[in-house]
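The values are calculated or read from the model by the stated rules, or taken from the named source; none is laboratory data. On a predicted model such as this, the values are computed, not experimentally measured, just so you know. Every residue, glycine as well, gets a Cβ built from its backbone with ideal geometry; the counts of neighbours run over all protein chains shown. Just so you know, the surface numbers come from the protein's heavy atoms only, side chains and all, with ligands and any DNA or RNA stripped out. Shrake-Rupley method; radii C 1.70, N 1.55, O 1.52, S 1.80 Å.
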Amino acid sequence: EDQVTQSPEALRLQEGESSSLNCSYTVSGLRGLFWYRQDPGKGPEFLFTLYSAGEEKEKERLKATLTKKESFLHITAPKPEDSATYLCAALGGSYIPTFGRGTSLIVHP
Amino acid sequence: EPEVTQTPSHQVTQMGQEVILRCVPISNHLYFYWYRQILGQKVEFLVSFYNNEISEKSEIFDDQFSVERPDGSNFTLKIRSTKLEDSAMYFCASSVLGNEKLFFGSGTQLSVL
């Protein structure tokens, strides 16, 4: 069974304080690793797809990286508007993404 | 920018009643999905739909659930006899291909009393 574990569950940062979110996955035949952002009461919004170990993607203050067992979402100099829940999802042989529980990020001004 | 739209945004129903949740996926997308998220828990897969039939379903998607694409634009989730534990946010999603990023709607918050 595919499994995705995210840590930490919650993270509080001061504005400008960089950090990383972790996503560990156990998937047979990884076809893609996805990161989404979810704001309260909204659906997940796509951020990145990573397909192979060593791959990196960047968007503004966010950078996602992938190894054979985990993915990291690095947040550089975060701002309060980066506050959200960040979801990781792994796509294996079933073509159905398995989501983790997410990391709730709060960035204080 | 095209988006997935869901109606209603909130639905309150009595236990045992039937509900239909509606979704309009992005027009050129071929794969459609329903997910649910119980408050404070992870996003859970219910069902995927491609080429006018169910392609995958989870253990959650039992005989009380059904999906339809009644016309060229709508995609519906029906729960025949709601239970208290069906209370959750239900998300519709679509994608161009089956192994790509999903575009989610804003969800329908279902409350079963």
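Tabulated data
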quantity	calculated
Verdict on A:HIS74 being under 10 Å from the mean Cα position of the chain (by Cα) and over 30 Å from B:LEU30 (Cα atoms)	yes
Cross-chain or 6+ apart pairs with Cβ under 6 Å, the stretch B:84-113 first and within 11 Å of another protein chain (Cβ to nearest Cβ), then part of a strand (DSSP E or B) and among the basic types (Lys, Arg)	B:TYR90/B:ARG36
Those residues of the stretch A:14-38 which are modelled with pLDDT of 95 or more, in a strand (DSSP E or B) and surrounded by fewer than 18 Cβ atoms within 10 Å (Cβ to Cβ), in sequence order	A:GLN14, A:SER19, A:SER20, A:ASN22, A:SER24
The stretch B:40-53 residues that are farther than 15 Å from A:PRO97 by Cβ and in contact (Cβ under 8 Å) with a residue 40 or more places away in the chain, paired with ones that are open to solvent by 10 Å² or more (accessible area, probe 1.4 Å) and among the polar types (S, T, N, Q) (beta carbon under 6 Å, 6 or more apart)	none
Single residue of the stretch B:74-86 satisfying the filter (among the hydroxyl-bearing types (Ser, Thr, Tyr) and over 13 Å from the mean Cα position of the chain (by Cα)) that is least open to solvent (accessible area, probe 1.4 Å)	B:THR82
Residue list for the stretch A:39-82, restricted to those being farther than 20 Å from A:GLU15 by Cβ, part of a loop (DSSP other than H, G, I, E, B) and open to solvent by 50 Å² or more (accessible area, probe 1.4 Å)	A:GLY41, A:LYS42, A:TYR51, A:SER52, A:ALA53, A:GLY54, A:THR67, A:LYS68, A:LYS69
Some residue of the stretch B:23-41 being open to solvent by 60 Å² or more (accessible area, probe 1.4 Å), within 12 Å of chain A (Cβ to nearest Cβ) and either outside any loop (DSSP other than H, G, I, E, B) or more than 23 Å from A:TRP35 (Cα to Cα) (or both)	no
